[in-house]
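Chemist: Handing you a structure now.
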Amino acid sequence: MSDRIKVAVRVRKPRENLPNVCHVHGNTITLINDDKKAIRLSSPQKNTAREFRFDYCFGSIEFTDNDQSEIYEKLVRGYVLHTLEGYNSCILAYGQTGSGKTFTMMGEKNNEGIVPRFCRELFEVFHICHQDDQNSEVFTDFQVKCSFFEIYNEQVIDLLSSMTQRKCKIRERNDHSTFVEGVEEIVVHNVEEIISCIHRGNENRTVKSTNMNQESSRSHAIFHISVNQRETHKKTGTVVECHSTCKLVDLAGSERLGNSAADGKLRQEGTSINKSLSTLGRVISLLAERDKYRNRLVPYRESALTWILKENLGGNSNTCLVACVSPENHYESLSTLRYASLAKKVRTSATVNSLSHIEQMEELKAKLRELQNMINDKKPTSTHQHSLEKRIEDVQRANFFLEQRMAKESQLADQALQSTRHERDSLASVTLQMLESFNWNQQLNDHATKLRNHSQKLENLFQKDRSFFDVTLQKYLT
Ligand SMILES: Nc1ncnc2c1ncn2[C@@H]1O[C@H](COP(=O)(O)OP(=O)(O)OP(=O)(O)O)[C@@H](O)[C@H]1O
């Protein structure tokens, strides 16, 4: 789905005794000059007055809890749903220092901002889905991981790592999207775990006191949520997987160095912040006029911030910019509103990152084909070719020796086999002879037994005859 970046403006309450130069009417903002004359944000070519409209405008007259929940409900809830539908999302808070970016993103203890509210709702929806699963034909399994890092002086620092100041690198994938390598990704199972990650990361953020803000963020902070959903059809067993990410970004404040920075370190931080924000501005303005500057290279790589946000600014993402305005300063407010209205023109093209197992297999097969083609197409350079040829020679030589050794061993094995066979045959004939003599002995035994039986019978007959003779002789004598 191709859609433009949504832009919301949040005007905070002016500081004590300072005039409010920014007025909110519905979705329109009017900027008032110090002499109370309305300044028309006019186009330079035509001198016609023009009002700037945004998708949402929030004017904070009173600091109430409603402000935070109103922004969440009108603007952010939709992005929770996008994430659950499988789209990548990104919400960025932009504005001058002290304008309320951290307040908008993180909030305060009893008045939470976008990030904790987003996480709470995400887990609430999972809970509802699990309850629904009992009556549904599909079973959904969710896995949520989060990471939290900051970009401080152009370096990416992991805010959840157990190692202090763990620096990470930004890498590009084959599909040209970027990621932070080596950042700790924590698997979270419930709201408590994810909220504790937010708190832990916030405690590790680089914050300092400046002339403009007691607790000024000196870095861009990115809370990254990745959601894996696995839907299994109970009857058919078909599985559909879906992976989406959401980046919630609290940018460091744009600042006029004369206003905010005093010593060298603060100045250096301020310069680095302004540099990355101006690269973000250039990327946004080139993307806003994409049709006009189709052949111009978008300078994503010129700052760590734009390099990490590449996909969210010009690729597969539903993105939203919340521009925070401090209404006491006309110049700063004007600059923020101009930045925000430029972002309105940028289009991204979000697609659902969902894959069935068959599609996943196809994707893997395609990757395998790609790799095979790469191997086949690889044309070695002359030095590479030389070393390859040498290796082939070595392998062939080793192969020859192996063959020789195998032939010798097989000859020895043949000889051993012959002598074993001979020994076996002679043993067999001895066994046969022994068997024959054993049989003969057996026969002799049988004959002896028979003879013994016969002699026994003869003895019996003889005994009988003898007794008969004795009886007859007795009779005769008497
Ligand atoms: N809408 C608001 N309601 C209540 N308090 C606010 C609001 N906006 C800002 N504040 C308060 O103003 C102060 C400065 O806000 P915050 O630190 O959020 O500014 P920031 O834009 O993040 O500044 P920096 O860029 O210097 O970090 C904080 O004390 C914050 O509580």
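Chemist: Please specify each residue of the stretch 76-114 satisfying the condition of being of a type in the set (A, V, I, L, M, F, W, C), within 23 Å of residue 20 (Cβ to Cβ) and open to solvent by 10 Å² or more (accessible area, probe 1.4 Å).
Modeler: 103 - this is the single residue of the stretch 76-114 that is of a type in the set (A, V, I, L, M, F, W, C), within 23 Å of residue 20 (Cβ to Cβ) and open to solvent by 10 Å² or more (accessible area, probe 1.4 Å).
Chemist: Follow-up. Please tell me if residue 138 is of a type in the set (A, V, I, L, M, F, W, C), out of contact with any Lys or Arg (no Cβ under 7 Å at 6 or more places or on another chain) and either surrounded by 19 or more Cβ atoms within 10 Å (Cβ to Cβ) or over 19 Å from residue 193 (Cβ atoms) (or both).
Modeler: No, not satisfied.
Chemist: Taking residue 252 as meeting all but one of (1) within 31 Å of the chain's Cα centre (by Cα); (2) surrounded by fewer than 22 Cβ atoms within 10 Å (Cβ to Cβ); (3) small (Gly, Ala, Ser), write down the number of the exception.
Modeler: (2)
Chemist: Looking at the structure I just gave you, is residue 333 within 15 Å of the ligand (Cβ to nearest atom) and touching a Pro at 6+ places or on another chain (Cβ under 9 Å)?
Modeler: Yes; evaluated as a whole, the condition is true for this residue.
Chemist: Are any of the residues in the stretch 324-341 modelled with pLDDT of 90 or more, surrounded by 22 or more Cβ atoms within 10 Å (Cβ to Cβ) and over 20 Å from residue 53 (Cα atoms)?
Modeler: No, the conditions are met nowhere in the stretch 324-341.
Chemist: A further question follows. Tell me, which residue of the stretch 141-157 that is of a type in the set (D, E, K, R) and in a strand (DSSP E or B) is least open to solvent (accessible area, probe 1.4 Å)?
Modeler: Ranking the candidates gives 150 first.
Chemist: Select from the stretch 190-207 the residues that are in contact (Cβ under 8 Å) with a residue 40 or more places away in the chain and open to solvent by 60 Å² or more (accessible area, probe 1.4 Å) and write down the one among them that is nearest to the ligand (Cβ to nearest atom).
Modeler: Among them, the one singled out is 204.
Chemist: Give the residue, chosen from 143, 131, that is more than 26 Å from the chain's Cα centre (by Cα) and either more than 20 Å from residue 324 (Cα to Cα) or free of Cβ contacts under 8 Å to residues at least 12 places away in the same chain (or both).
Modeler: 131
Chemist: Of all residues in the stretch 160-186, count the ones that are in a strand (DSSP E or B) and loosely packed, with under 11 Cβ neighbours inside 10 Å.
Modeler: 1
Chemist: Any residue in the stretch 85-104 that's more than 7 Å from the ligand (Cβ to nearest atom) and in a loop (DSSP other than H, G, I, E, B): show its pairings with residues that are open to solvent by 10 Å² or more (accessible area, probe 1.4 Å) and among the acidic types (Asp, Glu) at Cβ separation under 7 Å, as long as the two are six or more apart or on different chains.
Modeler: 88/311
Chemist: Exactly one condition in (1) over 21 Å from residue 229 (Cα atoms); (2) touching a residue at least 12 places away in the same chain (Cβ under 8 Å); (3) aliphatic (A, V, I, L, M) is not met by residue 163; state its number.
Modeler: (2)
Chemist: Condition first: away from the ligand (no atom under 16 Å from the Cβ) and either touching a Cys at 6+ places or on another chain (Cβ under 6 Å) or part of a strand (DSSP E or B) (or both). Now tell me which residues in the stretch 208-240 satisfy that.
Modeler: If the condition is that a residue be away from the ligand (no atom under 16 Å from the Cβ) and either touching a Cys at 6+ places or on another chain (Cβ under 6 Å) or part of a strand (DSSP E or B) (or both), then 224, 225, 226, 227, 228, 229, 230, 231, 232, 233, 239, 240 are the ones that fit.
The values are calculated or read from the model by the stated rules, or taken from the named source; none is laboratory data. Values in this document were obtained by computation on a predicted structure and should not be read as measured data. Note that each Cβ is placed from the backbone with ideal geometry, even for glycine, and that neighbours are counted across all protein chains shown. Side chains are part of the model used for accessible areas, which takes the heavy atoms of the whole protein and leaves out ligands, DNA and RNA. Shrake-Rupley method; radii C 1.70, N 1.55, O 1.52, S 1.80 Å.
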